[in-house]
Amino acid sequence: MEFFHKVSAFPFMHTRRVWYAVSGTAIVASILLVIFRGLNLGIDFTGGIETEIRFSQPTPSEKVRAALSAAGMNEIQLQMAGGERSANVRLKSAKDAAGEAKLSQQMLTALQTVDPKVELRSPTEQGPQVGKDLRDDGILAMLMTLLLILIYIAFRFEKKMGAGAIFAALHDPIIIFGFFSATQITFDLSALVAVLTVIGYSLNDTVVVFDRVRDNFLSMRNAKPADVIDSAVNQTLSRTVITSGATLLVVVVLLILGGSTLQSFSAALTVGIIVGTYSSIYVAGAAALDLGLTARDLMPVQKNDPELDALP
Amino acid sequence: MYHFPAWRYWLVAIVLVLGVFLALPNVFGLDPALQVARPDRTAMDATGEQRIVGILKAQNLGYKDSHLEDGHVLLRFLSEEQQSKARAALTADTKDEFSVALADASAAPRWMLAVGLKPMNFGLDLRGGVRFVYEVDVQGALRQATDRLERSVRTALRDKRIPYAAVATEPTRVKVTLRSGEQLDAALEALKKSEDGVTATSESSDAGPVIVVQFTPDAVKQRQEGALEQNVITLRNRVNELGVSEPIIQRQGRDRILVELPGVKDPNQAVRVLGATTTLEWHMVDEANDPIEAERNKRAPLGSKLSKMRGTNSPILVKRELIVTGSQMTNAFSGQSNNNGLPAVNVTLNGAGGSAMLKNTQANVGKRMAVLSIDKTRIQPDEQCKGVRTDNWCTQEQVISAATIQGVFGDRFIITGLGLNEASELALLLRAGSLETPIALVASGVIEASAGKDNIQKGVNALVLGMALTFLFMGVYYRGFGMVANLVLLSNIVLLAALLSLFKAVLTLPGIAGLVLTVGMAVDANILIYERIREELRLGNSPQASINAGFEKAFSAIADSNVTTLIAGVVLFAIGSGSIRGFAVVLTLGIMTSLFTALIGSRTLIHLIWGRRRKIERLPI
C-alpha cells in the first residue's frame, strides 16, 4: 500500500505568510488565554485540602469515585487505605472557610449514598506536589535543553536552522497551553510530561525535514532557497504524515480508552502531535528561510570538513 | 550484492539473547510475600530460616518457597490468603523476635533471582505503597544549638576565670552580662572561640558590659541544613531496617522529608519504625527518693521527674540534670560483653558526649543511670495524648534502660544485664533515637496506586491496542518490510525492558509516557528508511542498491533527530527530579535501544532475508 506514490509539489514556502498569520494568531491567542483565563491547574500544582474518610465497611475505590463524581467533584485525587476501610481525598481548596465547610458537607452527603455511617476527619491543608523548586528546575531544564539543541543543530546543520527548530519547538507547547486554557481541561503533572514529549516529537520531525533541506541544498545548487526547502518538505511529506498518523493512532486510542488518569496526558499529546506536525511542515523551514538561510550557509562547512558527516 | 560483515549477525544475535535473558523476569509478575527480619538488622541465617519454615510446617500452612536474601528471609506464597494466614501464625509464634512485613516479590523462578536477574520496579503511582511526609523542626534545631552554645559560653568563661553577672539565652543568641568592663576584651576573645561559627559583639547596657554571642548566618544555615540531613540519614537507616526495595527518601523544600515505600502494604510496622520520632537523654536515677510514693502523691521531688519503665510500667524517678543526649551518640549495636559473654549493647559517643560522660561517671560509680526516650508526635485537636500535651504536640517519656555504673568510662561503654532480645531491641531503640531534631509526621497513609487499579488496567489495555494497530498498519502499508519493522519494534521493547531491569530503574506513569515517545521514534526510524528505499526504487534503482541507499541516506536523519531528543533526555535527567526524571530515564535508554534496533537490527534482518539473494525482481515494500 502507498498513500504517496508521487512526490507532491505543494508550494509551502510560497504561502508561508498565511501560515505565519495562522501561527501568529494561535500563539497570541494562546498567550492571551493563559494570561487572562488561566490554566485549570491540577492539585499537583496548586496543593489542596486533604480529608480522611472512614467507612464502616470496605468500600471499593470505584464506588467512592463515582459517588463524588456524581456530586460534581471530578477533580479529585483519591487514595484508598487500610483495606478499603478508609480513604484520603484531595480536593482543590475552596476560596474561604465558608466554601470549605460547604465542600465538606457536599462530600459527606455524596458519600452517605455509598455508606450511611461514613465519617469525615477534619481536613488538612496540603502543599503542592510540584513545589516552587521543582517548577524552577523544570524551567531551567527547558532553557538548557533548548540552548544545547540550538548549539547541536547549529553545529550539525546551520545556526539559522537551529533558530528555526527552536522557534518550532516553542511554538508547539505555547499552543498546547492555549488549548488547555481554552478547554479548561485539568493541567496536571502528566500533562506537563506530555508537553515535554511533544517537544521531543516536534524536534524529531523538524530535524528530519532539515536533514532533507541540507541534502537538497547540496544537490540543487542553482535553485532558490524557497524551492529547495519546498522540495525537502514535499519529499519528507509521506514520512511526516505516516509517522504522525501512526503515533496519533496510539495516542487517540489512549485518549478514548485510557481512562481518566491518562486523559490530560493523551489530550495534550493529541493536540501536540497535530500542532507539531504542522509546525515542522509550515513553521520550522519558513522561519529558517526568513532568517536568510541560503545555500552558502550550508556549503562551506560541508565541503571543508567532510569529517562532520561521519559524526553520529 | 554488497559487502555485509558477519560480525553484525553475531552482534545482533548476542544483544538479542542477552536482552531476552535480562528482560525475562518481567514476564512472571509478582507473588504475595512476607519479609521476615531481625529487628536489629543482624542477618538471618539458615537456622532462623528453618525455624520460620518449621512454624509454617507445624501448622500445616502452605507457602511457595523461602530463601535468604539481604539478611532477611523471604517467603513467597501462592495466594494472599496463604500470606495472611502465615503472617498471623508467625507474628503470634515469634512475638518480637522477628519483624514480619507484608511485601510483594517477583514470581520468577528461584535460579533466575539467584543469578541476579530482577524484574523492573514499578513506582508508587503504579503500584501503591506507603507515603509519609515528615516535617523537621528546624527552628527547634536552632534552639537546641543555642542551648548548647549557652553551655559552651559558661564553660569558656569559667575556664578563663572571667566573672559574669548573668548568661541568658534568647531564641537565637546568648547574652552575657559581665561583672566589670576590665575583662571585656579577654571575654570577647574567649567567647569568639567558644564554638565554631559564632560572633561575639559587645554592647553597653545599664546593668554593665554585655556581650552578645550568636551564630553567623552561614552557621545558622549550616545547622538547619545539618538537622535536615541528619534526619534524612536517620530515616534512611530506619527504612533499611524495614528491608523495602526501592524506597524514596527525599528532602522536600526547606523543612520536609518525603518517604515513599512502594509495594509496602502494611503501614503499621513502617509507622512503628519510622514514626518513632524519638530523642534520647541520659540522666542519673534519683535513688534518694521513693518513686512509688512520688507516684502516689503525683508529685516528684525537687530536681527530679517521675517517669515509667518501658515494659513493666513501674514508676522511676530520674534527675532533671541532663548528662548526654542522643545527638551525641554516634553508634549503638548489640553484642556480647567481653567479661562474661552475656548480651550487651555497645554505645559510642562523640567527643563532647564522651567528656560529659567521663565527668559524670567519675562522680557516680555504683549509682544507676537511666536512658530516657522522648517520643514527640503531632496530634489532631480531638486526639488523646497519654503524655504531656503542648499545642499540637504530644510528648511521651519513658525510661528504656536503667543500669548501674560499674566503673569510670567516657565515649565507649556497654550496657549489660539484658536478655538477648532486650539487647537487640535496646540497640535498635538507641540507634533509632539518635535524632538531632524532633520530626513530626505531617502526612501518612497506605496508598493505592495513585492512578487507581482500574485506570492502570484501562491505560495498559489502550496502549496494547494502540501498539497492535500500529503493527497492523506497518504490516499492511509496508508488507514484508513492515513485518520486519514489527519484529524490530518488539525487540526494541524487549531490549528497553532489559535495560530498565538491569539498571534497576523504577517505572512510573511519566516513564510510560517516555515509552510511548520512544516507540514512536522507533517506528519513525523504520518509516524513514522504508520511505527512502521506496524513493530509490521509484528512481529505477535495483532492489539491492535501493535497500543499501535507503539505509545510508536515512542514517543522518535518524541519527540527528535521535541525538537531538537524546540531548533533551540527558538534560532532563540531570536537572529534573521525581517524575520528570522517570520520564528522562526511559527516554534516554529507549533512544539507545531504538537506534540500535533500527539501524543495526533491522538492516541485519533485511539483509538476512533479501540481501543474500542474487536476483530479486520486486521488494515486498
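The values are calculated or read from the model by the stated rules, or taken from the named source; none is laboratory data. Quick caveat: nothing in here was measured; it's all calculated off a predicted structure. Cβ: placed from backbone, ideal geometry, glycine included. Neighbour counts: every protein chain shown.
Quick notes on this one:
- Among the residues of region B:139-154, those that are touching a residue at least 12 places away in the same chain (Cβ under 8 Å) and farther than 20 Å from B:Leu228 by Cα comprise B:Glu150, B:Ser152, B:Val153, B:Arg154.
- Total residues in region B:103-144 satisfying the condition of being part of a helix (DSSP H, G or I), of a type outside the set (Gly, Ala, Ser) and more than 23 Å from B:Gln83 (Cα to Cα): the figure is 6.
- Some residue of region B:541-555 being over 24 Å from B:Leu465 (Cα atoms), of a type in the set (Ser, Thr, Tyr), facing chain A (nearest Cβ under 9 Å) and not in a strand (DSSP E or B): no
- If only residues of region B:331-363 that are at pLDDT 85 or above and of a type in the set (Ser, Thr, Tyr) are counted, the one that is nearest to the chain's Cα centre (by Cα) is B:Ser355.
Results for (1) outside any helix (DSSP H, G or I); (2) modelled with pLDDT of 90 or more; (3) in the same structural domain as B:Ile600 (by TED's automatic domain parsing); (4) under 21 Å from A:Val251 (Cα atoms), shown as yes or no for each residue.
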{"site": "B:Phe481", "(1), (2), (3), (4)": "no, yes, yes, no"}
{"site": "B:Leu489", "(1), (2), (3), (4)": "no, yes, yes, yes"}
{"site": "B:Asn492", "(1), (2), (3), (4)": "no, yes, yes, yes"}
{"site": "B:Gly514", "(1), (2), (3), (4)": "no, no, yes, yes"}
{"site": "B:Val519", "(1), (2), (3), (4)": "no, no, yes, yes"}
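- Residue match in region B:580-598 (condition: over 32 Å from the mean Cα position of the chain (by Cα), surrounded by fewer than 24 Cβ atoms within 10 Å (Cβ to Cβ) and facing another protein chain (nearest Cβ under 8 Å)): no
- Of all residues in region A:185-208, none satisfies the criterion of being without any contact (Cβ under 8 Å) to a residue 24 or more places away in the chain and either touching a strand residue (DSSP E or B) at 6+ places or on another chain (Cβ under 7 Å) or more than 7 Å from every other protein chain (Cβ to nearest Cβ) (or both).
- Filtering region A:159-170 to residues that are surrounded by fewer than 24 Cβ atoms within 10 Å (Cβ to Cβ) and either touching a residue at least 60 places away in the same chain (Cβ under 8 Å) or over 30 Å from A:Leu41 (Cβ atoms) (or both) leaves A:Lys159, A:Lys160, A:Gly162, A:Ala163, A:Phe167.
- Test: residue in region A:140-151 that is of a type outside the set (A, V, I, L, M, F, W, C), modelled with pLDDT of 75 or more and part of a strand (DSSP E or B): no
- Which listed residue, of B:Glu425, B:Glu383, is out of contact with any helix residue (DSSP H, G or I) (no Cβ under 8 Å at 6 or more places or on another chain), at pLDDT below 70 and assigned to a loop (DSSP other than H, G, I, E, B): B:Glu383
- Each residue in region B:483-525 was checked for being at the interface with chain A (Cβ under 9 Å from one of its Cβ atoms), under 16 Å from A:Thr243 (Cα atoms) and touching a residue at least 24 places away in the same chain (Cβ under 8 Å), and 6 of them qualify.
- Options A:Val213, A:Val228; residue that is more than 8 Å from chain B (Cβ to nearest Cβ), closer than 28 Å to A:Leu269 by Cα and surrounded by 21 or more Cβ atoms within 10 Å (Cβ to Cβ): A:Val213
- Within region A:285-299, being at pLDDT below 85, hydrophobic (A, V, I, L, M, F, W, C) and in a helix (DSSP H, G or I) holds for A:Ala295, A:Leu298, A:Met299.
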